[in-house]
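Report on one structure; see the data block that follows.
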Amino acid sequence: MAAGVVIVGVGALGSHLVLWARNWPARIKIVDYDRVEQKNLLAQFHTRMGLGKNKAQALQQAMQGMFGTRLEAVPHRLSEDNAEVLLGGGDLVVDCTDNAATRRVIQVSVRRLGLPCVHGALSADGGFARVVWDELFVVDEEGSEGAATCENGEALAFFALAAAHLAGAVQRFLATGERRSCQITPTTVTRIA
Amino acid sequence: MPDLQVLHIHQARLNITWAGNNGDYPDPVPFDISDGEIRNIAAEAIRTGYVPGIQADVRVNLADFVVDRFGATAEVPWNRIFLRPKTPFGSR
């Protein structure tokens, strides 16, 4: 039976990850409560056809239409109350969320459930990324209010690059069990473990 | 890659990320050095262009940067310190 992979967050990083995940030998569940807005089209793998729809459901339809890829979409916010239901039953959790609170919920839950988890994380300016397995991952707090965010399209290619490295880390894990962590800039990839 | 002949068990290799570039500080640093001292060393090194791979930048500001420490492992047999930007995002 194919491995079950749960991807939490399908925005700038997670949406591109799903694009590169279509050949994984896995059953993929994507979780996101947010809706696709016009501004998301600049930096995320979402289309005009998805505008106004839930991101997870919009991506599910796009991947089915373009590649015939079947995904399970969960249009809910991950919280302490539902984390074990949404994350449990899978073999791997991929964290692509955008806030410290949700990352902590994921971290606590996967440790309680004994699930492998890899975290994908971007800096606010979209010029630095980390792909780190949970045993090495420390949750970063958000910066000060009003800090720059990676919403504009300037970092689109870098998001795709970071997502490709994250997809590669998952693919390697599914094939061999190896957990390789790295940090990424537009010009370098530095292995952490 | 550090020269293992000179990297002492209490020392570490310092890796720095700044302005989309990344490089290793050329000299070993104490593994138990404080986060503030790491930021000071790195800031001075970036200002003076001392880090291979990172262009000299007099406007460097590392106040909000994060320090990660990884002890030696069988695979990477030396201590490492990473100074990097915060990464709170992945989605929105």
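Report the gain in length on full extension from A:Arg35 to A:His76: 0.36 nm times residue separation, minus Cα-Cα distance, nm rounded to one decimal.
So the extension gain works out to 13.7 nm.
Hand me the GluC sites (Glu not before Pro) from chain B located in a DSSP loop with no more than 13 other Cβ atoms within 10 Å, in residue order please.
B:Glu75
Whose amide H sits under 5 Å from the amide H of A:Arg27, counting only residues 5 or more places off or on another chain, with H placed in the peptide plane?
A:Ala3, A:Gly4, A:Val5
Determine, for A:Met63, A:Met49, A:Met1, the number of other Cβ atoms within 10 Å of each Cβ, and report the residues in order from fewest to most.
Least crowded to most crowded, the residues run A:Met1, A:Met49, A:Met63.
Assuming R0 = 41 Å, can you tell me the calculated FRET efficiency for the pair A:Ala100 and B:His8, based on Cβ-Cβ distance, to the nearest 0.05?
0.70
Which translational diffusion coefficient, to the nearest whole µm²/s, is obtained for the range A:11-99 from the Stokes-Einstein equation, given a Kirkwood hydrodynamic radius over C-alpha pairs, 20 °C and 1.002 mPa s?
For the chosen part, D equals 161 µm²/s.
Quick one: Debye curve from the alpha-carbon atoms of the range A:64-118 only, equal weights, vacuum; give me log10 I(q)/I(0) at q = 0.23, 0.27, 0.29 Å⁻¹ to two decimals.
Listed by q, the Debye log ratios stand at -0.91, -1.14, -1.26.
Given charges of +1 on the Cβ of Lys and Arg and -1 on the Cβ of Asp and Glu, with all other atoms neutral, how large is the dipole of chain B about its Cα centre, in debye to the nearest 20?
Charge dipole, chain B, about its Cα centre: 360 debye, nearest 20.
Taking other Cβ within 10 Å of each residue's Cβ, how do A:Cys96, A:Cys117, A:Cys182 sort, fewest first?
A:Cys182, A:Cys117, A:Cys96
Give me the dipole magnitude in Debye, nearest 20, for the range A:3-191 about the Cα centre, with unit charges on the beta carbon: positive for Lys and Arg, negative for Asp and Glu.
Dipole magnitude for the range A:3-191 comes out near 700 debye.
Can you sort A:Ser15, A:Ser181 so the residue with the fewest Cβ neighbours within 10 Å comes first?
Fewest-to-most Cβ neighbours within 10 Å comes out as A:Ser181, A:Ser15.
Each residue of the range A:37-46 in order: what ³J(HN,Hα) in whole Hz does its phi give by Karplus 6.51 cos²θ - 1.76 cosθ + 1.60, θ = phi - 60°, with x for Gly and Pro?
Here the 3J(HN,Hα) series is 10, 3, 5, 5, 5, 6, 10, 10, 7, 10 Hz.
Rounded to whole Hz and in sequence order, give me ³J(HN,Hα) for the range A:67-74 from the Karplus expression 6.51 cos²θ - 1.76 cosθ + 1.60, θ = phi - 60°, writing x for Gly and Pro.
10, x, 7, 9, 10, 9, 9, 10
Out of every Cα-Cα pair in chain B, what percent are more than 18 Å apart?
Of the Cα pairs, 44 percent sit more than 18 Å apart.
Expressed in nm², what is the orientationally averaged projection area of the convex hull enclosing the Cα positions of the protein assembly as shown?
The number I arrive at for the protein assembly as shown is 15.2 nm².
Hey, can you grab everything whose amide H is under 5 Å from the amide H of A:Cys117? Only 5+ residues off in sequence or another chain; H modelled, so Pro and N-termini drop out.
When sequence neighbours closer than 5 places are left aside, the close amide H contacts are A:Val93, A:Asp134.
Values quoted throughout were computed directly from the atomic coordinates according to the rules given, and no laboratory measurement underlies them. Computed from a prediction, not measured in an experiment: that's the story for all the values here. Note that we place each Cβ from the backbone using ideal geometry, even for glycine, and neighbour counts take in every protein chain shown.
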